[in-house]
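Reading through the structure tokens given below for one structure.
Please treat every number below as a calculation from the coordinates, not as lab data. Remember, predicted model here, so these are calculated numbers, not experimental data. With ideal geometry, Cβ positions are generated from the backbone for all residues, glycine too; neighbour counts draw on all protein chains shown.
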Amino acid sequence: MPKNPTLSNALKDICIQESAGVRDAITAIERGAPKIALVVDSDGHLVGTVTDGDVRRGFLSGIGVDNPVVQVMNKTPATASHKDRTATILARMSEEGFRQMPVVDDQRRVVGIETLANLQQDQTRDNVVVLMAGGLGERLQPLTDDRPKPLLEVGNKPILESTLESFVDSGFRHFFLSVNYKREMVEAHFGDGSRWGVTIEYLREDQPLGTAGALGLLPETQTDPVVVMNGDILTKVDFDHLLNYHAEHGAFATVGVREYDLAVPYGVVEVEGHRLTGIREKPVFPVLVNAGIYVFDPEAIFLIPKAERCDIPQLIDAILANKKEISVFPIREYWIDIGQKDDLARAKGDFSTVFR
């Protein structure tokens, strides 16, 4: 903690020592509204910053939560002077795409933090959110015989309602629900969105269009990145972090991924040529799997054929064929894909503690 008794408790909450670990940075990021950790020395001088994006990039390169924070921090962060006018700071943050900026004194001691949201006094997002709610839910039959999977209840409310409310809490106001199977039930429950103070429109599939085809039904008026999420997922992902990560990387598309341990139920034989060099008994291989959460720039939507079936892997292939960059966003928060009855039972057990 910096030796500066004049700092507010909120600012102290996001300051960590340079001897801290990545886990401490995550805690500081999550407990502070600015969504950043300020790394300081024992005298309160700023030595670096850590954002959620820094942490996730570290995960992708093998840096874990117990590693030193210096391995993931930005050692040359942009800062504002305590003498700068608010208008000057806002102009610089807007021009350079910064969401947060530490404020330091003439000795580079931390004296404050500015955020773009506070300076603009605008907590809403213009990005459209598409929630995919048209699947048949065959693996959950007979539970889905009389209702679509996104309307199955977890925590005394439909799965999709919890997802919608998470987005609303993050400042999103314009939603499209992709519907097909028993779509009249989905539309009856959510209506036009006025119950949540948002706008809800519907992408109606007259025939199943696959996991991406419904996006081709979006109006061709989008100017901001579009957030897409499967309607059978419960997660505590911070959507601000997701969009900031997408912007930081200048990506054409961003795919949320989750680490999954692939267990081999046999002894794996290791060989060199014709020689056996060892046997690994029932090894576990960590792999990254698609988490069903995406961000697409509007131009990516134009790659989807109109009124034709198109799955996400096809869209990804089309983006790559056009030599556009796709970033990978590792999800470290709670996440569950409710695809089978065991998943549903686990989600119900988790809900009261995770989504309180």
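If you build a Gaussian network model of the chain, linking Cα atoms that sit under 10 Å apart, which residue out of Arg195, Arg309, Arg57 swings the most?
Arg195
Amide H of Glu114 versus every other amide H placed in the peptide plane: which residues, excluding those fewer than 5 positions away on the same chain, fall under 5 Å?
Answer set, sorted by chain and number: Met101, Val103.
At what distance in angstrom do the alpha carbon centres of region 97-139 and region 288-356 lie from each other?
Going from one Cα centre to the other spans 21 Å.
Percent antiparallel among DSSP beta bridges with both residues in region 105-209, to the nearest 5?
The antiparallel proportion sits near 10 percent.
222 nm [θ] for the chain, helices only, -39500 (n - 2.57) per DSSP H run of 4+, per residue, to 500?
It comes out at -8000 deg cm²/dmol, rounded to the nearest 500.
Is region 9-120 best put as rounded, prolate or oblate by its Cα gyration tensor, with a ≥ b ≥ c the root eigenvalues, rounded for a/c under 1.5, and otherwise prolate when a/b is larger than b/c, oblate when not?
Since a/c reaches 1.5 and a/b is larger than b/c, the shape of region 9-120 is classed as prolate.
Mind sorting out which of (i) 66, 65, 44; (ii) 66, 46, 31; (iii) 54, 46, 42 is the real Cα extents along the principal axes in Å computed from the coordinates?
Label (i) holds the value from this structure.
With +1 on each Lys and Arg Cβ and -1 on each Asp and Glu Cβ, and nothing else charged, work out how big the dipole of the chain is about its Cα centre, in Debye to the nearest 20.
500 debye
Which one, Val55, Gly231, Leu315, projects farthest toward the positive side of the charge dipole computed for the chain from Cβ point charges (K/R +1, D/E -1)?
The residue sitting farthest along the positive end of the dipole is Val55.
Most fluctuating residue of Asn244, Asn156, Asn230 in a GNM of the chain with Cα springs under 10 Å: which is it?
Asn156
Please state the relative contact order of the chain as a whole percent: Cα pairs under 8 Å, 6+ residues apart?
For the chain, the relative contact order is 14 percent.
Could you sort out which of Lys182/Lys236; Lys236/Lys306; Lys149/Lys182; Lys35/Lys236 sit more than 21 Å apart by Cα distance in this structure?
Lys182/Lys236; Lys236/Lys306
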